[in-house]
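A short worksheet on the structure shown next.
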Amino acid sequence: MLRINEIFYSIQGESSLAGLPCIFIRLTYCNLRCSYCDTEYAFYEGTDYTIEKILAEIKKYECKLVEVTGGEPLIQKEVLPLMKILCDSGYDVIIETSGSLSIKEIDKRVKIIMDLKCPSSKMAEKNLYENIDVLKLNDEVKFVIGNRQDYDWSKNVISQYQLTEKCSVLFSNVFEELKPVQLAEWILEDNLKVRFQIQMHKYIWDPKKRGV
C-alpha cells in the first residue's frame with residue numbers, strides 16, 4: 001500500500017527528457033522543507049493505493065514514460081517494489097528524489113534525477129553525498145539555484161565530486177527568484193558542462209495549477 005497524492009498525465013517539464021508526454025505518480029510525505037517548495041500540498045494530502053490500483057490507473061494513458069515523484073517518494077519503502085514492477089511491465093521509469101535518502105536500493109533500470117540542495121533551500125545540510133557513488137551514467141543530478149551564492153556553491157560541489165564525469169548535471173533557477181537569463185549567462189561565462197533548464201510546465205500552465 002502506498003499513500004498517493006495524485007496521478008496525472010502531462011508534459012515532462014524538466015531533465016533531459018523535458019518535452020515528452022509522461023505519467024506522473026506523486027507520493028505523499030516529505031522529510032524536507034525547502035524554502036522554495038512548490039508542492040507543499042504533497043506533505044500530507046493523499047489516498048491509499050495498492051500497486052495493482054496504481055497500475056490500473058496509469059493504464060488509462062497510452063504512455064510508457066512514468067515519473068515517480070513527491071514530496072519525497074523514497075520515504076515510502078513500498079515505492080521500491082512499485083518501480084520494479086513498473087520496469088517489469090515495460091515502462092520507462094524515472095524517480096525524482098531530494099538526495100537526502102539513500103538511492104542504493106532503487107532498481108538499476110530506473111533513471112534517477114537527484115537533487116543536491118543548495119544553501120538558499122535551507123536544506124543543504126540534508127544532502128547525502130554517499131549517493132554520488134551510486135549514480136549511473138544515465139542518471140542526472142539537479143541543482144536548483146536561487147542566487148550567486150548557490151551558483152558558486154554548486155560549482156564547488158561539481159568540482160569536488162567530479163560530477164560531470166559521473167552523470168549529467170542540471171542547473172535550474174528558482175522560479176521567480178532568479179531570472180533564467182542570469183543563470184544562463186553565468187553558465188556561459190564559466191563554460192560549465194551542465195544542462196541549463198527551466199521548469200517548462202510552469203510556462204505552459206498556471207504555475208500554481210496542480211496535476212500538470
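Odds and ends about this structure:
- For the chain, the dipole from Cβ point charges (+1 on Lys and Arg, -1 on Asp and Glu) about the Cα centre works out to 180 debye, to the nearest 20.
- Take 9-22, 137-150 and order them by the average number of nearby Cβ atoms within 10 Å per residue, most first; the result is 137-150, 9-22.
- Reported label for calculated Cα extents along the principal axes in Å given [x] 49, 37, 29; [y] 61, 37, 26; [z] 47, 32, 31: [x]
- Only Lys, Arg (+1) and Asp, Glu (-1) charged, at Cβ; the stretch 93-162 dipole about Cα centre in debye: 100 debye
- When the charge dipole of the stretch 2-204 is built from unit charges on Cβ atoms (+1 for Lys and Arg, -1 for Asp and Glu) and taken about the Cα centre, the candidate among V181, S89, S35 whose Cα reaches farthest toward its positive end is S89.
- Of the DSSP H helices in the chain, those whose Cα atoms cover at least 30 Å axially and whose Kyte score averages 0.5 or more: none
- Extension gain, T50 to K104: 0.36 nm times the residue separation minus the Cα-Cα distance gives 17.1 nm.
- Legend: distances between Cα atoms for K126/K179; K64/K126; K64/K142; K64/K166; K60/K136; K179/K208; pairs beyond 29 Å are K64/K126; K60/K136.
- Placing +1 on the Cβ of every Lys and Arg and -1 on the Cβ of every Asp and Glu, with nothing else charged, gives the stretch 94-212 a dipole about its Cα centre of roughly 380 debye.
Only the coordinates and a few stated rules stand behind these numbers; no lab work does. What you see is a predicted model; the values in this text were computed from it and never measured. Note that each Cβ is placed from the backbone with ideal geometry, even for glycine, and that neighbours are counted across all protein chains shown.
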